[in-house]
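One structure is given here, and the rest of the page talks about it.
The values are calculated or read from the model by the stated rules, or taken from the named source; none is laboratory data. Please read all numbers here as calculations on a predicted model, not as lab measurements. Cβ placement follows ideal geometry from the backbone for every residue including glycine, while neighbour counts extend to all protein chains displayed.
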Amino acid sequence: MFIPFVDLKSEPAIHGFLHVPSRPTGNAIVLTHGAGADCQSKLLVEMSDAFAASGFTVLRFDLPFRLARPHGPPSPGSAIRDRDGLRNVVAVMRDKTNGRLLMGGHSYGGRQASMLASEEPQLVDGLFLLSYPLHPPRKPNELRTGHFPKLATPTFFVHGSRDPFGTTTEMKSALELIPASHALFEVHGAGHEILSKRAATELPAQIVDGFKIFLKTLTQKD
């Protein structure tokens, strides 16, 4: 079950959907979209449903750039405000959980989440990044890893083996820059969108299960 969630008092404002689990575990996650989508994307909806089915309270939401313009990619100058939007959503969700608070998103949204976490390592307990855009397609030398050495937040990456934004080998090499605990969940045959018409219907649940195992290893280390 999910319900519309709007907070006009926040700056930037928050527009999204709250997924309420029938059997909450106390954990919560905020999820946002990529540069060409919004929080109604198939990937975000299905991942949010899978998380809620596993006991997570989920808030999937639109980044400020998408609230400012319904179509098209973010402008080069919108990234800071988009990170402000992420920070606002995390603050709101702090009041809705007594367990772990996680943050993440798809592509651009996940990248902004990781950059925010590298700047504010105590903000959340972990990151969940779908299709991290390691580099622009066909431009492998333009790596987006400058903040990786400062990333102290445990991070779980979900990556399609046919993603044009980075090969699996490139991803594994890039993750060596991250000092925090991290894991890579590879989806064989998937592209940047992860889910396709031919994707297994159980894939979102399998991804969530992999993430839960990752979180469990963190607990064991603690």
Among the candidates Pro204, Pro179, residue that is farther than 28 Å from Asp49 by Cα, out of contact with any Cys (no Cβ under 8 Å at 6 or more places or on another chain) and either modelled with pLDDT of 95 or more or outside any helix (DSSP H, G or I) (or both): Pro179
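Among the candidates Arg60, Arg94, Arg81, which residue alone is of a type in the set (D, E, K, R) and more than 30 Å from Leu134 (Cβ to Cβ)? Show your work before the answer.
Numbers: Arg60 fails: more than 30 Å from Leu134 (Cβ to Cβ); Arg81 fails: more than 30 Å from Leu134 (Cβ to Cβ).
Step by step, each of Arg60, Arg94, Arg81 is checked, and only Arg94 is of a type in the set (D, E, K, R) and more than 30 Å from Leu134 (Cβ to Cβ).
Regarding Phe211, is this residue surrounded by 15 or more Cβ atoms within 10 Å (Cβ to Cβ), within 16 Å of the chain's Cα centre (by Cα) and in contact (Cβ under 8 Å) with a residue 60 or more places away in the chain? If you could, list the steps in order and put the result at the bottom.
Details: surrounded by 15 or more Cβ atoms within 10 Å (Cβ to Cβ): yes; within 16 Å of the chain's Cα centre (by Cα): yes; in contact (Cβ under 8 Å) with a residue 60 or more places away in the chain: yes.
Judged against the criteria, Phe211 is a match.
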Test result for His147, without any contact (Cβ under 8 Å) to a residue 60 or more places away in the chain and out of contact with any helix residue (DSSP H, G or I) (no Cβ under 8 Å at 6 or more places or on another chain): no
Residues located in the range 176-198, provided they are without any contact (Cβ under 8 Å) to a residue 12 or more places away in the chain and either out of contact with any Gly (no Cβ under 9 Å at 6 or more places or on another chain) or of a type in the set (Val, Ile, Thr) (or both): Glu176, Lys197
Members of the range 107-130 found to be within 9 Å of the chain's Cα centre (by Cα) and within 14 Å of Phe185 (Cβ to Cβ), listed by number: Gly110, Leu127, Phe128, Leu129, Leu130
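Collect the residues in the range 1-35 that are closer than 13 Å to Gly109 by Cβ and either of a type in the set (S, T, N, Q) or out of contact with any Pro (no Cβ under 6 Å at 6 or more places or on another chain) (or both), keeping them in residue-number order. Explain how you work it out, then say what you get.
Let us first name the residues in the range 1-35 that are closer than 13 Å to Gly109 by Cβ, namely 16, 29-35.
Those that are closer than 13 Å to Gly109 by Cβ and either of a type in the set (S, T, N, Q) or out of contact with any Pro (no Cβ under 6 Å at 6 or more places or on another chain) (or both): Gly16, Ile29, Val30, Leu31, Thr32, His33, Gly34.
Go over the candidates Leu134, Leu127 one by one and state the one that is assigned to a strand (DSSP E or B), in contact with a Gly (Cβ under 8 Å, 6 or more places away or on another chain) and modelled with pLDDT of 95 or more. Before the answer, list the steps.
On the way: Leu134 fails: assigned to a strand (DSSP E or B).
Exactly one of Leu134, Leu127 is assigned to a strand (DSSP E or B), in contact with a Gly (Cβ under 8 Å, 6 or more places away or on another chain) and modelled with pLDDT of 95 or more, namely Leu127.
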Members of the range 62-87 that are at pLDDT below 95 and farther than 16 Å from Cys39 by Cα: Ser75, Pro76, Gly77, Ser78
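Can you find, within the range 149-169, the residue that is farthest from Gln112 (Cα to Cα) among those that are charged (D, E, K, R) and part of a loop (DSSP other than H, G, I, E, B)? Steps first, answer last, please.
Let us first name the residues in the range 149-169 that are charged (D, E, K, R), namely 150, 162-163.
Going one step further and asking which of them are part of a loop (DSSP other than H, G, I, E, B), we end up with 162-163.
Working: Arg162: 22, Asp163: 19 Å.
Here the residue is Arg162.
If a residue has to be among the polar types (S, T, N, Q) and closer than 23 Å to Ile194 by Cβ to count, how many in the range 73-116 make the cut?
3
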Breaking point among (1) over 12 Å from Tyr132 (Cβ atoms); (2) in contact (Cβ under 8 Å) with a residue 24 or more places away in the chain; (3) not in a strand (DSSP E or B), for Ser173: (2)
